[in-house]
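First up is the structure itself, then whatever we jot down about it.
Any read-out appearing in this document is the output of simple, stated calculations on the displayed coordinates, not a laboratory observation. Predicted, not measured: the structure shown is a model, and the values here were computed from it. Here the Cβ positions follow ideal geometry from the backbone for every residue, glycine too, while neighbour counts run over all protein chains shown.
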Amino acid sequence: KRLSSAALRALFLEFFRENGHQVVASSSLVPGNDPTLLFTNAGMVQFKDVFLGKDKRSYNRAASSQRCVRAGGKHNDLENVGYTARHHTFFEMLGNFSFGDYFKKDAIRLAWDLVTGSRWLGIDPQKLMVTVYHTDDEAFDIWHKQVGLPADRIVRIGDKPGGGSDNFWQMGETGPCGPCTEIFYDHGAHIPGGPPGSPDADGDRWIEIWNLVFMQFDRSADGVLTPLPKPSVDTGMGLERTAAVMQGVHSNYEIDLFVNLIKAAAKVTNTADLSSNSLKVIADHIRACSFLIGDGVLPSNEGRGYVLRRIIRRAIRHGYQLGQTQPFFYSLVAALEAEMGEAFPELKAQRAHIERVLRQEEERFAETLTQGMSLLEGAIGDLKGKVIPGETVFRLYDTYGFPVDLTADIARERGLSIDEPGFESAMEAQRERARAASKFGVDLRSNVSIEGKTSFSGYEGLQDSATIVALLRG
Ligand code: ATP
Ligand code: MG
Ligand code: MG
Ligand code: MG
């Protein structure tokens, strides 16, 4: 069976509507009432208070297709983009929810019917494996005895050495959480990677498509788990990953939606090679940036705005990598609207605004990008080992507006790394200088010139200027 991304989204929601669920629209990427969360990172976020018993809805079963961003906080996939077949910064999470209504048995049954039922996705059960939390005998038995899955297709997953488990889901450091069971699809022996639970499970052969969380606890800041008023269910199925299965392709970047975005990116950057990694990154990032701006985030130097700025600058740098020195990124909003505007009318409504914001950020970064890149190329040329010095990383950051992760991304492409502790101490030294300078009511940063030489004219006449100069020079 073949399904477009749009048809898959519709089918998922229809299945749960038929099974008594209220279909609820996606909420904003900026969580409305939750300072503990940077961005909406899962479908359950808009229902957090319902799980906690602090909020009530007129329904106790819901389904949604939620826009999510994972580029910071507990769930951060920014570094995975361009390196795995399955991770995006922005993606859609299809989900069904039970607020104290059904629990494990029905959640598993519904999921299995949707995934394998011939009226629905009709995926061959031979290609599926599931995991359960190691102590969850109840879930194991449901899969084995009621669904009839052979025991060797059900893997028990324990806790990681450093704490936490892939089968104990939590929204963030605090909030609703619980054990989970996950469904994996085998893309075939020609792809590197082992089955879930094996040492090389991190490959892209067995791909996790759906996570069913048995919401049972509220985690407090000190790590204590308090049982929720009622056991509930929260599930998340990756739209793009499942579309890949339904379209017979391995990578998310080969699904209908991405193929079109990648073509559009190739066109505006004059790139002939459609398999270029930079095109994938750009196609991923235009989604994240457009939806973030659409939800009211603006590029800035802190918080959500800085995450947005970092993603935009990464995309621009990948464009530069493809030879692009003029603004191009903003012009992809049109292609995005063509792909996703129907499902997300807010994208249509905001298009002009999104283009304007992106274009402004591109113009702003264009000049320092070129200068910074030549500084970096020089530094890499002079490099003795494989680590870019912290001083260089700091200069790129401070003078040329290169977010640290952007420099790390370039380093990684070339088999290099960055000296993070070195960067941190350069940063700390900068803070020291700023603190010292601010005692005298002057803004140090505006006195640091592009060349890294400092001009001290602003301090003339100050009693203690010699001390400041010493501090500035470190
Ligand atoms: P992975 O282990 O592959 O990183 P995850 O366990 O972190 O995924 P969950 O938190 O369980 O993911 O989210 C539920 C579902 O959302 C996943 O099963 C997957 O289908 C999808 N998903 C998660 N992260 C991403 C992402 N970065 N890009 C696309 N889909 C994702
Ligand atoms: Mg993950
Ligand atoms: Mg996982
Ligand atoms: Mg998971």
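Listed values, structure above:
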item: Nonlocal amide H pairs with Gln22, under 5 Å, H built at 1.01 Å; result: Arg61, Ala62, Ala63
item: Alpha-carbon Rg with Dmax, taken over the stretch 172-215, Å; result: 13.0, 40
item: Calculated P(r) of the chain - Cα pairs past 33 Å, %; result: 43 percent
item: Ellipsoid equivalent to the stretch 104-148 - semi-axes via the Cα gyration tensor, in Å; result: 20, 11, 8
item: log₁₀ of I(q)/I(0) at q = 0.10, 0.11, 0.17 Å⁻¹ - the stretch 1-159, Debye sum with one point per alpha carbon; result: -0.44, -0.54, -1.31
item: Hull-based mean projected area of the stretch 227-384, where the convex hull spans the alpha carbons, in square nanometres; result: 13.9 nm²
item: Residue-by-residue Karplus 3J(HN,Hα) for the stretch 206-219, coefficients 6.51, -1.76, 1.60, Hz, glycine and proline x; result: 8, 10, 5, 9, 8, 10, 10, 9, 9, 5, 10, 10, 10, 8
item: Approximate shape of the stretch 23-117 as ellipsoid semi-axes (Cα gyration tensor, √5λ), whole Å, largest first; result: 24, 20, 10
item: The stretch 140-191, Cα convex hull volume normalised per residue, Å³; result: 133 Å³
item: Column: log10 I(q)/I(0), Debye, Cα scatterers of the stretch 385-441, q = 0.30 Å⁻¹; result: -1.16
item: Loop-located GluC sites (Glu not before Pro) in the stretch 130-235, at most 14 other Cβ atoms within 10 Å (DSSP); result: Glu173
item: Reachable aspartates and glutamates from Lys56, criterion Cα separation under 15 angstrom, eight or more residues apart if same chain; result: Asp101
item: Loop sites in the stretch 388-428: trypsin sites (Lys or Arg not before Pro), DSSP, at most 16 other Cβ within 10 Å; result: Arg414
item: Between helix 390-400 and the chain: long-axis angle, C-alpha atoms, 0 to 90°, nearest 10; result: 80 degrees
item: Two-decimal Rg/Rh across the stretch 89-180, once Rg and the Kirkwood Rh are taken from alpha-carbon atoms; result: 0.97
item: Simple spin-label estimate for Lys160 and Leu274 in nanometres, 7 Å along Cα-Cβ; result: 3.6 nm
item: Dimensions (Å) - the stretch 67-114, Cα atoms, principal axes, largest first; result: 37, 21, 16
item: Amide H contacts under 5 Å for Gln66, placed H, 5+ residues apart; result: Met93, Leu94, Gly95
item: Label-point gap, in nm, between Asp222 and Arg17 - each point 7 angstrom along Cα→Cβ; result: 4.8 nm
item: Note, ³J(HN,Hα) from phi for the stretch 73-81, Karplus 6.51, -1.76, 1.60, rounded to Hz, x at Gly and Pro; result: x, 4, 10, 10, 10, 4, 6, 7, 5
item: P(r) of the stretch 202-283 over all Cα-Cα pairs, binned every 10 Å from zero, in whole percent; result: 16, 29, 23, 17, 13, 2
item: Rg/Rh (Cα only; Kirkwood hydrodynamic radius) as it applies to the stretch 135-230; result: 1.01
item: Debye-sum result for the stretch 259-332 in log10 I(q)/I(0), which assumes one identical scatterer on each alpha carbon, at q = 0.11, 0.17 Å⁻¹; result: -0.25, -0.58
item: Sparse-neighbourhood loop sites, GluC sites (Glu not before Pro) in the stretch 306-363 - DSSP loop, at most 12 other Cβ within 10 angstrom; result: Glu342
item: Between helix 303-321 and the chain: long-axis angle, C-alpha atoms, 0 to 90°, nearest 10; result: 80 degrees
item: Other-chain or far-sequence residues with amide H under 5 Å of Leu29's (modelled H); result: none
item: Set of lysines with alpha-carbon distance to Lys1 below 21 Å, sequence-local pairs under 8 removed; result: Lys127
item: Angle in degrees between helix 420-438 and the longest Cα principal axis of the chain, rounded to the nearest 10; result: 50 degrees
item: Residue (of Gln22, Gly100, Pro35) at the positive-pole extreme of the chain, dipole from beta-carbon charges; result: Gln22
item: Equivalent-ellipsoid semi-axes of the stretch 234-280, from the Cα gyration tensor, Å, largest first; result: 24, 10, 8
item: Given Lys263/Lys348; Lys74/Lys105; Lys54/Lys230; Lys54/Lys160, the pairs whose alpha carbons are separated by over 23 Å; result: Lys74/Lys105; Lys54/Lys160
item: Fewest-first sequence of Cys68, Cys177, Cys289 by Cβ atoms within 10 Å of each Cβ; result: Cys177, Cys68, Cys289
